[in-house]
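Below: one structure, written as structure tokens.
The values are calculated or read from the model by the stated rules, or taken from the named source; none is laboratory data. These numbers come from a predicted model, not from an experiment. In this analysis, Cβ positions are derived from the backbone assuming ideal geometry, glycine residues included, and neighbour counts consider all displayed protein chains. For accessibility, only protein heavy atoms count, side chains too; no ligands or nucleic acids. Shrake-Rupley method; radii C 1.70, N 1.55, O 1.52, S 1.80 Å.
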Amino acid sequence: MNLHEEFDFRNYELRSIWHFYKCYNLAIVILGKEDPNIRHKNHLWKRIVESQIEGEINVKAYTQLKNLMRNDFAVISEAIKEISRENEELGYDEGDLWTPNALAVQFMEVED
Amino acid sequence: MPKNLISSPPSIYQLYLRKLGAFGSSIFGNDLYFLKEFVDLGIQDFGEERVIEMLKNDNSPNSKRCKEIAENWDDVKRDFRIFDIRLTRAKGFYDKIEKKDFSKINDKDVEEFMGYSKRISFIKEDIYTLAIFLIRNSPLQKQTIPSEAWKVLEHSGLKKLESGNKTPQPLNTESSGGEN
């Protein structure tokens with residue numbers, strides 16, 4: 001990865017992972033959830049970024065993180081439902097939260 | 001919801017909302033820098049002693065983490081200082097990217113940038129805990145971020161966010177994924 005690529009939005013994977021975990025950070029704080037894998041996930045992220053510097057993505061770390069993201073997605077979905085519930089209590093209009101992508105997360109079917 | 005919300009002057013609210021807007025709309029990894037600024041502003045505005053006391057008495061779903069932060073406040077502050085140095089140095093490179101100023105960037109700069117970037121954890125509970133805590137304990141929770149605060153997105157050449165309330169549209173499952 002270099003600064004030009006960063007600017008040109010070519011690093012879709014890294015950017016997506018970063019923003020996914022931005023939502024996840026908010027989700028675990030809103031729900032007050034414990035995540036025992038935080039150190040492991042941060043370590044995987046570091047390995048992926050390092051592999052980008054070397055010019056070849058670390059597929060093993062990337063696959064591991066991708067598998068963890070499946071469960072984390074359920075937490076984000078749960079947090080959005082909680083935010084909606086709190087907003088209803090506050091009488092706050094969600095406005096732009098109701099975009100197709102937000103709906104996709106909110107109504108995602110989560111396996112038990 | 002807390003009953004006694006901490007209110008601030010309107011000008012401070014504008015600053016809060018701008019920081020939150022920049023955090024929410026940044027497409028680069030510098031979003032954490034704006035969140036850190038938001039938290040710093042909140043701590044200074046509320047008062048450090050008051051924040052510690054409020055964290056101890058927090059009864060939100062995240063109260064366990066809030067109490068841990070209050071008990072280890074000095075350690076958390078030290079971590080934040082180190083974190084702040086990394087964020088600030090990485091932010092300098094992002095500023096050059098946003099200004100499309102590539103002429104002064106060489107390989108050594110890129111190496112330095114990546115060196116700081118890889119040390120910034122992508123799951124950082126403490127800073128998010130404090131940010132949500134500050135929002136939950138102030139009238140900010142009922143305020144809408146003004147559209148002009150979504151500065152970063154608009155300056156990056158992406159289309160302006162639509163303002164106003166929209167009626168929920170039927171979900172199109174075929175086109176809803178893979179737009180990152």
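Per residue of B:56-64, other chain Cβ atoms within 10 Å of the residue Cβ number 2 on average. Here r is the Cβ-Cβ distance between A:Glu34 and B:Asp40 and R0 is 41 Å; the resulting FRET efficiency, rounded to 0.05, is 0.95. In terms of accessible area, using a 1.4 Å probe and ignoring ligands and nucleic acids, B:Cys66, A:Cys23 rank largest first as A:Cys23, B:Cys66. Counting Cβ atoms of other protein chains within 10 Å of each Cβ in A:20-29 and taking the mean gives 6. Taking all protein chains together, B:Ile135, A:Ile48 sort by accessible area into B:Ile135, A:Ile48, largest first [probe 1.4 Å]. Using a probe of 1.4 Å on the protein chains alone, the accessible area found for A:Val59 is around 90 Å². Annotation: A:Arg15 carries an accessible surface of approximately 40 Å², with a 1.4 Å probe and no ligand, DNA or RNA atoms counted. The 1.4 Å probe gives accessible areas that order A:Leu90, B:Leu5, largest first, as B:Leu5, A:Leu90. For segment A:20-95, the residue among A:Phe73, A:Leu31, A:Ile57 whose Cα projects farthest onto the positive side of the dipole built from Cβ charges is A:Ile57.
The modelled label-to-label distance between A:Asn42 and A:Glu56, using points 7 Å beyond Cα along the C-beta direction, is 2.9 nm.
Can you compute the charge dipole magnitude of segment B:1-95 about its Cα centre, using +1 on each Lys and Arg Cβ and -1 on each Asp and Glu Cβ, nothing else charged? Give it in debye, rounded to the nearest 20.
Magnitude of the dipole: close to 200 debye.
When restricted to Cα atoms, segment B:1-80 yields an Rg and a Dmax of 13.7, 36 Å, respectively. Shape summary: segment B:105-145 maps onto an equivalent ellipsoid whose semi-axes, from the alpha-carbon gyration tensor, are 35, 13, 6 Å in decreasing order.
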